[in-house]
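J.: Structure below; questions to follow.
The values are calculated or read from the model by the stated rules, or taken from the named source; none is laboratory data. Small disclaimer: the values here were computed from a predicted structure and weren't measured. All Cβ positions, glycine included, derive from the backbone under ideal geometry; neighbour counts span all protein chains shown.
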Amino acid sequence: MSKASAAFTRRAPDNISEELVALLSTKGSFEFKALFDIIFLNLRTRNAASGGEEMLRLRTYEKLQGLVNQGAVTRTVSGITKKYKGVAAKLTALKAEMKILRTQWDAKVRAKAEAAA
């Protein structure tokens, strides 16, 4: 079985993953409900929340579990409560990779707009 890398593999920037990484990079530990509420508010502020709240909740949970599987987030289970906390070193690497991807994407969009004008 191959070991999952902590690399960000999508070609286009992913708003949910960016918000997850930014929020979990803080020192705090979050339950999923609180984590989702903050991410949903941030995405609505950026006008980047689409597809309905339930679909966004599902996508956020899937991405969070992907980060757990990569080792970038630790999950602590206490009874029925699950708390998620970021692993600083891996999240720093993911954040840097996402920043490069976002910069490249923005340059591509800018070049396409200039070509159309």
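J.: Taking into account only those residues within the stretch 73-89 that are under 14 Å from PHE30 (Cβ atoms) and in contact (Cβ under 8 Å) with a residue 60 or more places away in the chain, which is surrounded by the most Cβ atoms within 10 Å (Cβ to Cβ)?
T.: GLY86
J.: Pull out all pairs, ordered by first then second residue, where Cβ-Cβ is under 7 Å, the residues are six or more apart or on different chains, the first lies in the stretch 36-57 and is in contact (Cβ under 8 Å) with a residue 40 or more places away in the chain and surrounded by 11 or more Cβ atoms within 10 Å (Cβ to Cβ), and the second is of a type outside the set (Ser, Thr, Tyr) and not in a helix (DSSP H, G or I).
T.: The qualifying pairs are LEU56/ALA49.
J.: Considering only the stretch 90-117, how many residues are exposed (fewer than 11 other Cβ atoms within 10 Å of the Cβ) and under 21 Å from GLY28 (Cα atoms)?
T.: 0
Okay, residues lined up against (1) closer than 16 Å to ALA22 by Cα; (2) modelled with pLDDT of 90 or more; (3) out of contact with any Ser or Thr (no Cβ under 7 Å at 6 or more places or on another chain):
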position	(1), (2), (3)
PHE40	yes, yes, yes
ARG59	no, yes, yes
VAL68	yes, yes, yes
ARG75	no, yes, yes
THR81	no, yes, yes
GLU97	yes, no, yes
LEU101	yes, no, yes
ALA116	no, no, yes
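J.: Output the residue which, of all residues in the stretch 1-38 that are of a type in the set (Val, Ile, Thr) and either over 23 Å from VAL87 (Cβ atoms) or assigned to a loop (DSSP other than H, G, I, E, B) (or both), is modelled with the lowest pLDDT. Explain how you work it out, then say what you get.
T.: Looking only at the stretch 1-38, we keep the residues that are of a type in the set (Val, Ile, Thr), and these are 9, 16, 21, 26, 38.
Applying the additional criterion that residues be either over 23 Å from VAL87 (Cβ atoms) or assigned to a loop (DSSP other than H, G, I, E, B) (or both) yields 9, 26.
Details: THR9: 50, THR26: 86.
The residue in question is THR9.
J.: Determine the pairs where a residue that is of a type in the set (Val, Ile, Thr), located within the stretch 12-34, has a partner that is not in a loop (DSSP other than H, G, I, E, B) with Cβ atoms under 6 Å apart, the partner being 6 or more residues away or on another chain.
T.: What qualifies is ILE16/ARG59; ILE16/THR60; ILE16/LYS63; VAL21/LEU91; VAL21/LEU94; VAL21/LYS95.
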